[in-house]
Each structure stands twice: as C-alpha cells, then as structure tokens.
Amino acid sequence: MEETYDVIVVGGGQSGLAVGYHLRKTDLKYLILDRETLSGGSWQHYWQSLRLFSPASFSSLPGTLMLGGADYYPSRDETLEYLRMYEKKYKLNVQRSVTVEAVARERNLYRLVTNQGTFWSKTVVSATGSFAKPFIPEISGMENFEGEILHSAAYQKPAPFKDKQVVIVGEGNSGAQILAEVSQYARTTWLTAKAPSFLPDEVDGRVLFDRASALYEAKKQGKNFQPPSLGDIVMVPSVKEARARGALKAKPAIAHFEKNGVVLKNGEFVAAEMVIFCTGFRPALDHLKPLNILEKDGRVHTENTKAEKIAGLWLVGYGSWTGFASATLIGVGRSARQTVEEIRQYVSSR
Ligand code: FAD
C-alpha cells in the first residue's frame with residue numbers, strides 16, 4: 001500500500017500555502033497537491049493590470065510581510081512573486097501538476113484519486129478556491145446570441161475589445177475595474193442588478209476588512225449589529241479615472257438576449273458584440289462529490305473550517321462561511337492556524 005500522510009491539502013494557492021506554513025511547524029506528515037504547473041494559485045490567471053485593493057502591509061500571509069508598506073497597492077505580478085517567494089522560503093511540501101479528481105473515504109482513511117495516482121491520508125484540507133467555477137446566470141435567449149459571452153475569469157487585457165460594442169455585467173469590483181479599462185477602447189454599457197455603490201475616495205480595501213471584522217466580533221458576542229454600509233466598490237485609480245470620463249453610468253440588468261444584443265429590464269435594447277459577466281464564482285468542490293456532503297448551494301456545512309458531516313475534513317479559504325475574511329491574503333492566516341491546531345488534536349486522538 002502507498003504511504004499514508006497525516007494531512008493532504010488539496011490546492012496550493014494562498015490558502016493552501018497558509019495552511020502549509022502552520023503545518024510545517026508540527027510533526028504532522030503533510031503534502032500539498034496542486035494542479036497548476038507553477039505556484040501562485042489563481043493569481044496567475046487574473047487580468048494583467050489588476051492591483052490589490054488593500055495595501056501591501058494589509059495583504060500578507062502569516063510570517064512574512066509583503067513589501068511596499070501601508071500606502072502601496074501591489075500588482076498582480078508582485079502578488080504572484082510574493083506567493084512564489086513564500087512557498088520557497090518556508091520549503092513547503094507542494095507537489096504540482098496533480099489534479100485531485102475524487103476524494104473518498106476508505107479503511108478509515110481518505111483516498112485521493114488524482115491524475116498522478118492514488119494518495120492516502122488521515123485528514124484532508126480542501127483549499128481549491130473558486131476560480132475554477134466561474135458563475136454566469138442563465139438568461140433567456142442566451143443560446144441565440146451571435147456575439148461572444150465570457151466571464152471575468154477569462155479577461156486578461158482590453159486590446160481584443162478595441163472598437164467593439166461591449167456589455168459588462170456586474171456591480172462588484174471586478175465589473176467596475178474591467179469597465180474602467182475596456183471603456184478606454186470600446187463602446188461599453190454597464191449593466192447592474194442593483195445600483196453600484198462606491199466607497200468614498202479616501203478609503204480602500206482596509207475599510208471593508210474593518211467592517212467585516214466588526215461584524216465578526218459582534219456575531220461572536222451574540223450581538224445583532226450591522227455596521228453602516230459605506231459602499232462596495234473600491235475607488236482604485238483606474239475606476240476614479242473612468243468616473244472622471246463619465247464611463248461609470250450603470251443601466252438595469254438584462255431581461256433577455258437577442259441575436260445582436262440584449263434587452264434590459266426597462267425594455268431598452270442595447271446592441272452588443274461581446275458580453276463580459278463579472279458575476280462571481282462558486283466554490284470549486286467537485287472533488288468532494290464522492291463524500292456526499294455537498295449541499296444544494298454547492299457548499300459543505302462547516303463549523304469554522306471543519307466539515308460537520310464527516311470527520312477529518314477541513315475547508316479553508318472559500319469566504320466567510322469558512323472563516324472570517326478567509327478568502328483574503330490577510331484573513332486566511334487565522335483560519336489556517338486554527339485548522340492546523342484542530343487537525344493536530346484530531347490526528348493525535350485517533
Ligand atoms: P486559489 O488561488 O484559486 O488557489 C486554489 C488552487 O487550488 C489553485 O492553484 C488551483 O489550481 C488548485 N486546485 C483547484 N482544484 C484542484 C483540484 N481538484 N486538485 C488540485 N488542485 C486544485 N484577495 C485579497 O486579499 N486582496 C485583493 O486585493 C484581492 N483582489 C482580488 C481580485 C480579483 C479579481 C479576484 C478574483 C480575487 C481577489 N482576491 C483578493 C481574492 C483572492 O485572490 C482569492 O480569494 C484567492 O486567490 C483565493 O485563494 P485560494 O488559495 O483559496 O484559491
């Protein structure tokens with residue numbers, strides 16, 4: 001029989017690395033499996049001009065600060081470089097180009113079926129993020145649209161959109177930032193389900209983090225507290241510039257598609273050659289299907305990061321349902337530390 005690990009982490013993005021950082025301080029025998037050839041998780045697929053909306057010192061994994069300080073917003077490539085340096089610095093045990101296809105329970109162990117053979121482990125941490133599951137809502141007439149439909153996950157740069165009629169859907173940060181960039185080259189229309197709400201110019205992603213912290217603390221103390229909403233879209237320089245050009249005006253959402261465009265909920269027709277959906281992601285958890293613990297919404301019931309319906313499984317980094325701010329660089333460290341402590345106790349009590 002193949003060797004048995006104490007812990008196998010599925011996914012070697014920022015969440016998997018944060019878990020690895022804490023695992024390496026224990027005597028647990030661990031392995032991180034990641035399907036990418038290079039390190040950096042989904043950061044290597046984000047669009048080229050993307051910058052973090054929290055400054056460097058608010059965007060670090062445990063143990064090593066990202067360089068740049070409190071007034072510098074690192075680029076995509078600097079974030080990637082940081083993650084690559086981090087993995088190397090802590091000599092994290094990552095095996096690459098391994099896709100975990102199925103996780104099953106067998107002989108009181110986890111059996112992980114991959115494209116590189118079978119692995120066995122006493123526990124599993126799923127840290128696969130959501131980038132692999134872009135979400136596009138189903139809208140009637142879509143199949144008859146003769147233009148191109150893509151998700152923000154596939155967006156890289158504005159050049160291919162030059163002089164095109166482009167519809168951008170979504171009122172989040174991705175929608176606003178992609179609109180800001182593409183509107184410099186194309187005729188754009190921004191469609192949102194609700195009116196976009198912009199943060200004041202002088203605040204950045206730190207404010208969203210502080211609000212989430214206040215909410216988390218209140219919840220922990222059993223208080224029913226809702227911090228005042230300041231807005232959602234961070235006014236990064238490109239978005240401010242688009243506002244100055246008058247490019248940030250939003251129209252209602254799509255009612256249905258037609259051959260050459262879309263009809264909005266207010267009845268207006270908008271001609272379109274390309275539609276970019278900036279409508280978010282769902283957790284990438286298909287590998288857990290054999291365990292029969294996926295709920296209708298595609299999630300797993302958890303207590304913090306620990307799966308409730310099965311022993312020995314943790315989920316890290318998917319958002320607030322797996323721990324406060326766990327889908328951010330600064331937030332995932334806390335989830336990772338607690339997860340590793342729970343795993344340590346679980347393995348020693350087996
Ligand atoms: P990922 O980075 O997606 O890593 C998961 C890894 O698991 C990948 O390498 C993937 O290939 C691998 N994997 C998936 N399935 C399998 C499988 N079955 N087998 C093996 N490997 C698998 N966060 C911030 O803190 N600050 C920001 O400013 C910020 N800006 C963002 C801007 C955008 C546009 C987006 C989309 C996200 C942003 N985020 C930001 C959030 C952050 O980038 C993500 O939440 C983060 O990448 C999640 O990290 P992760 O490790 O959980 O997932």
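The values are calculated or read from the model by the stated rules, or taken from the named source; none is laboratory data. Quick caveat, the model's predicted, so the values are computed rather than measured. Here the Cβ is made from the backbone with ideal geometry for all residues, glycine too, and neighbour counts use every protein chain on show. Protein only, heavy atoms only, side chains kept; ligands, DNA and RNA dropped before computing areas. Shrake-Rupley method; radii C 1.70, N 1.55, O 1.52, S 1.80 Å.
Condition check ((1) open to solvent by 20 Å² or more (accessible area, probe 1.4 Å); (2) touching a residue at least 40 places away in the same chain (Cβ under 8 Å); (3) among the polar types (S, T, N, Q)) across all residues:
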{"residue": "167", "(1), (2), (3)": "no, yes, no"}
{"residue": "185", "(1), (2), (3)": "yes, no, no"}
{"residue": "189", "(1), (2), (3)": "yes, yes, yes"}
{"residue": "193", "(1), (2), (3)": "yes, yes, no"}
{"residue": "234", "(1), (2), (3)": "no, yes, no"}
Quick one: how many residues across the stretch 287-297 are open to solvent by 20 Å² or more (accessible area, probe 1.4 Å) and free of Cβ contacts under 8 Å to residues at least 60 places away in the same chain? 5
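So which of 77, 6, 71, 27 ends up being more than 11 Å from the ligand (Cβ to nearest atom) and touching a residue at least 60 places away in the same chain (Cβ under 8 Å)? First the steps, then the outcome.
On the way: 77 fails: touching a residue at least 60 places away in the same chain (Cβ under 8 Å); 71 fails: touching a residue at least 60 places away in the same chain (Cβ under 8 Å); 27 fails: touching a residue at least 60 places away in the same chain (Cβ under 8 Å).
Answer to the selection: 6.
Looking only at the stretch 125-139, filter to residues that are within 16 Å of the ligand (Cβ to nearest atom) and open to solvent by 50 Å² or more (accessible area, probe 1.4 Å); which one of those is nearest to residue 257 (Cα to Cα)? Write out each step before concluding.
Here is the first cut: in the stretch 125-139, the ones within 16 Å of the ligand (Cβ to nearest atom) are 125-136.
Checking which are open to solvent by 50 Å² or more (accessible area, probe 1.4 Å) leaves us with 132-136.
Numbers: 132: 25, 133: 23, 134: 20, 135: 17, 136: 14 Å.
Among residues in the stretch 125-139 that are within 16 Å of the ligand (Cβ to nearest atom) and open to solvent by 50 Å² or more (accessible area, probe 1.4 Å), the one nearest to residue 257 (Cα to Cα) is 136.
Looking at the stretch 1-118, what strands (runs of 3 or more DSSP E) fall wholly within it and have at least 1 residues that are modelled with pLDDT of 95 or more and within 18 Å of the chain's Cα centre (by Cα)?
Values: elements: 4-10, 30-34, 94-96, 100-106, 109-114.
It comes to 4-10, 30-34.
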Given (1) open to solvent by less than 70 Å² (accessible area, probe 1.4 Å); (2) within 12 Å of the ligand (Cβ to nearest atom); (3) not polar (S, T, N, Q), index of the condition residue 35 fails: (1)
Just name the residue that is most open to solvent (accessible area, probe 1.4 Å) out of those in the stretch 80-113 that are free of Cβ contacts under 8 Å to residues at least 60 places away in the same chain and of a type in the set (D, E, K, R). 88
Just checking, which of 25, 29 is basic (Lys, Arg) and more than 20 Å from residue 114 (Cα to Cα)? 25
Criterion violated by residue 116 - all others in (1) within 11 Å of the ligand (Cβ to nearest atom); (2) closer than 30 Å to residue 56 by Cβ; (3) open to solvent by 40 Å² or more (accessible area, probe 1.4 Å) satisfied: (2)
Looking at this structure, is residue 216 open to solvent by less than 60 Å² (accessible area, probe 1.4 Å) and in contact (Cβ under 8 Å) with a residue 40 or more places away in the chain? no
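Is it true that residue 321 is buried (at least 21 other Cβ atoms within 10 Å of the Cβ) and in contact with a Ser or Thr (Cβ under 7 Å, 6 or more places away or on another chain)?
Values: buried (at least 21 other Cβ atoms within 10 Å of the Cβ): no; in contact with a Ser or Thr (Cβ under 7 Å, 6 or more places away or on another chain): yes.
No, not satisfied.
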